Amino acid sequence: MSWYRKLRTWITGRRWVRRTAIGALGFALVASVCNWIIFPLPMDKLHRPSATFVYSRDGHLLNCFTSSDRYWRKPVKLEQISPHLITSVLATEDRWFYWHPGFNPIALTEAAIANARAGKSVRGGSTITMQIARMMEPKERTVGGKFIEILRAMQLELRFSKRQLLEIYFNLAPYGGNIEGVGAAAYLYFDKGAEKLSLSEAAVLTALPASPTQFRPDKDLARCTLRRNKVLGHLREVGAIQEEDYQQALREEIPTNRVTPAVAAPHFCQMAIAAYPGKGEIKSTLSYRLQMMCENLSRNYQSELAAKGIQNLSMVVLDNKTGDLLAMIGSADFADVNHQGQVNGALAPRSPGSALKPFVYALGFQKGIISPALKVEDLPVNYAGYVPVNYDEQFHGITSVSEALIQSLNVPAVNLTAKVGLKEFYDLLQAGGITTLDRKYNQYGLPIILGSCEVNLLQLSDLYSTLARGGEYLPVRICKSDQPGQPSRILTPEACYLVTEIMADLKRPDLPASWEFTVGMPKVAWKTGTSFGRKDAWAIGFDPDYTVGVWAGNFSAEGSVAIVGAEIAAPLMLEVFGQLYPEGQTKWFQIPPNVGTRTVCASTGKLPGDDCPDLIAEPYIMGVSPVDKCTVHKIERVDAKTGYSVCRFCSAGKATHEVIAEDWPPRLASWMSQKGMISLLPRHNPECRGVSGGEGPVITSPEADAVYVLRGSAPTKYQHIMFQASLAADCREAHWFLDGQLYRTVSPDSAVFYQPVAGIHQLMCVDSYGRSSSISFRVE
């Protein structure tokens, strides 16, 4: 006989078995129909929005925020829950949990009898699965409500495994106030994870869901203690725990206050939850140690700034290798309502002042336009009406590229931006992660290099971190679960190295007082910036490991004479670096293979000519850096009697000797001679009939093709146009010709003023040797 026929015979021979089987099958059929057709489970109510818990990279809780419906929930897996709590709940609430189909008819019958005898509800009889149904859809405790709970329990049993149901229970159970789920309860009552709950704590949390208001330890410790002890006694009675464990749990004190949620790194945590909405746990990249260090330093430093009328500061620390954000200070005091302390200054767009200059110099190195020792002009210049001036409103005439960057001179930076290309510089900023450029490059114009745009501290610091990575841009990472970004090369390692070495020079005017002599100060490449109107002070520094950015100012945009990057932001940035290396710094950047050292003229920074008297060493990019030779130094033969210079046409029969003269381009020569920086070249023998070489005059005013409009409201005698030119150092006179007629003859450093007449005019300047230059201009 087959097994099927044997089973059929056994069932038909036992009427009660048959009836029970048919009833169970019928009930299961009804539950199934309800489950998938008539009465589907509201799955969304089983998975409620989580609160958000933000952790540091090393596991410290930084901050937490309630869910969208203002509840504390912290979902946990069953394996993350203490075995003490699982055992306690099963033994107390539903010891037949693993065997019943969602409801326990015996328990329900016993509860009905007990309640009838008492005349009130004294016993529930609900299984854990039925409690889940009630938490999923709260209803009045009526016979009809209980029947629906049973149906829902059957549906739940059909849909989920026992382990899944147990996990759902622990994540939905109410634990008093706005606390739901054991994950949040373990933290807010005991300041620990659910997996670390002791036996006593497990007993407290076992008791709470039955009456979350009455048994809360922070509301009624005595009642909570009695209920805990009752749970522990029951566990001992059923053999779930030993006597020794029972006695030890009774002696354990119950905390009387809820844990105050952590509030570290509030600005960062708000940024994180905005970036990962609905995420229950955010394991961030922040270092707890570095964050606490930066918060303490910022808090102490802010008191000094407040005395100077500076109410806000921000700071970030980046890991250069990974792009991880290690620390963020949005403001020194998040709770400072009077000074908008809740604003995240690290993300606020502000004018960077001079802080973008290193990147145009890096482009200049990369394109072979400049090298560190090359001398560049720092003279008045006019770009179609835009006339940049230096911070101190002085001009230095000529300076090396290194000094121009160290001194943060504006004019050389603007000139270099024009040479490398405004669009190329703009594109570099965008490729380096600057997203705050909301206008086209030509709308910013050349002033962009001086801070006419807006950037935020985090993105600007990441751009500096690109220099530390040898020109590879890497997006900032704030969550450890994210894959590191893909690096993209925006600068060459050689260009980054040259800029870095310049910015690491300790002998610089913007070094805060006393720092130059600080023993053991880490080597840092850094730059400061001060926005127009002294509203923003910046300092960003980096070494191979870290980039530290600091901003100081007022969120109200109120300026102050004290807001200077070198004086306000740099000290805090350097102090952070000092704290980063308590045992001393151990490494610096390696020299890229294509960076070498060469000898150049000390006066021009160009490859030495035959007559250059003084030479210096310069780092350069092989095959890229400019290779122009110095033509400034020239050996002149001088008549010992008259002091005139002589040439092969006029030196015969004269006693002469050689001198090394400097023949600078006219524009520089004129300025340098006025400042006494060079001596005029010996005048050439006036009786010589040879031909003079060299550069002719350079007309500096008016500009070529300039248009002047006469104002009818002002007398013409008060409207003049200035004629001015730069001439070679050995020139003694300048002859001005207007429309083919001699207009005036003056000394080389004198200006000429012309009362304009309407029309198109031709202007020519002729020097002592007949060399000339011409332009045209129009008067309307």
**Report entry** Neighbourhood net charge (13 Å Cβ-Cβ; Lys/Arg +1, Asp/Glu -1) for Ser481
**Finding:** +2
Query raised in the report: How big is the gap, in Å, between the Cα center of region 571-607 and the Cα center of region 619-668?
Result: 36 Å
Query raised in the report: Packing-wise, with mean Cβ within 10 Å as the measure, how do 522-530, 589-597 rank, highest first?
Result: 522-530, 589-597
**Report entry** Highest to lowest packing among 467-473, 51-57, scored as the average C-beta count within 10 Å
**Finding:** 51-57, 467-473
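Explain nothing, just the number: dipole magnitude of region 123-264 about its Cα centre with +1 on each Lys and Arg Cβ and -1 on each Asp and Glu Cβ, in debye rounded to the nearest 20.
Working: 20 positive and 17 negative charges, 99 e Å.
With Lys and Arg at +1 and Asp and Glu at -1, about 480 debye.
Mean residue ellipticity at 222 nm from the helices of the chain, using -39,500 (n - 2.57) per DSSP H segment of n ≥ 4 over the full residue count, to the nearest 500 deg cm²/dmol? Write out the running numbers ahead of the final one.
Values: 22 runs with 248 residues, N = 780.
Per the formula, -9500 deg cm²/dmol.
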Report summary line: Summed over the other residues with a beta carbon less than 10 angstrom from that of Ser56, with K and R at +1 and D and E at -1, the charge totals +3
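From the protein chains alone at 1.4 Å, what is the descending order of accessible area for Ile86, Ile106, Ile310, largest first?
Numbers: Ile86 35, Ile106 110, Ile310 0 Å².
These residues rank, largest area first, as Ile106, Ile86, Ile310.
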Requested in this report: Enter the Cα centre distance for the pair region 237-310 and region 700-728, rounded to the nearest angstrom.
Outcome: 69 Å
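Could you provide, to the nearest whole Å², the per residue accessible area of the chain with probe 1.4 Å?
Numbers: 37400 Å² over 780 residues.
Per residue, the chain has an accessible area of 48 Å².
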Query raised in the report: Using a cut-off of 23 Å between alpha-carbon atoms, which lysines can reach Lys321, once sequence neighbours fewer than 8 places away in the same chain are excluded?
Result: Lys283, Lys480, Lys523, Lys527, Lys587
Query raised in the report: With the dipole of the chain worked out from charges on the C-beta (+1 for Lys and Arg, -1 for Asp and Glu) around the Cα centre, which of Pro349, Cys765, Tyr361 lies farthest toward the positive end?
Result: Pro349
**Report entry** With all protein chains modelled, accessible area of Phe334 [1.4 Å, Å²]
**Finding:** 50 Å²
Query - Normalised contact order of the chain, rounded percent, pairs of Cα under 8 Å and 6 or more residues apart - result: 9 percent
**Report entry** Protection-proxy order for peptides 317-330, 620-633, each taking the mean of Cβ atoms within 10 Å per residue, highest first
**Finding:** 317-330, 620-633
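Once you've got the Cα coordinates, tell me which of Lys74/Lys192; Lys367/Lys423; Lys367/Lys629; Lys375/Lys535; Lys375/Lys419 are over 21 Å apart. Spell out each step's value before the answer.
Working: Lys74/Lys192 12 Å; Lys367/Lys423 14 Å; Lys367/Lys629 18 Å; Lys375/Lys535 32 Å; Lys375/Lys419 15 Å.
In this structure, Lys375/Lys535 lie more than 21 Å apart at Cα.
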Report task. Keeping all protein chains in position, work out how much accessible area Met722 exposes to a 1.4 Å probe, and write it in Å² to the nearest 10. Result -> 70 Å²
Query raised in the report: Heavy-atom accessible area of Glu636 with all protein chains present, probe 1.4 Å, nearest 10 Å²?
Result: 50 Å²
Report task. First compute the accessible area of the chain with a 1.4 Å probe, then give the percent of it belonging to carbon and sulfur atoms. Result -> 53 percent
Report task. Can you spot the lysines whose alpha carbon is less than 22 Å from Lys717's alpha carbon? Ignore those fewer than 8 places along the same chain. Result -> none
Report summary line: Any aspartates and glutamates whose Cα falls less than 18 Å from that of Lys634, other than same-chain ones fewer than 8 residues away, would be Asp610, Asp611, Asp614, Glu658, Glu662, Asp663, Glu695, Asp730
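The values are calculated or read from the model by the stated rules, or taken from the named source; none is laboratory data. These numbers come from a predicted model, not from an experiment. Virtual Cβ from ideal backbone geometry, glycine too; neighbours counted across all protein chains shown. Note: accessible area is taken over every heavy atom of the protein model, side chains too, but ligands, DNA and RNA are not part of it. Shrake-Rupley method; radii C 1.70, N 1.55, O 1.52, S 1.80 Å.
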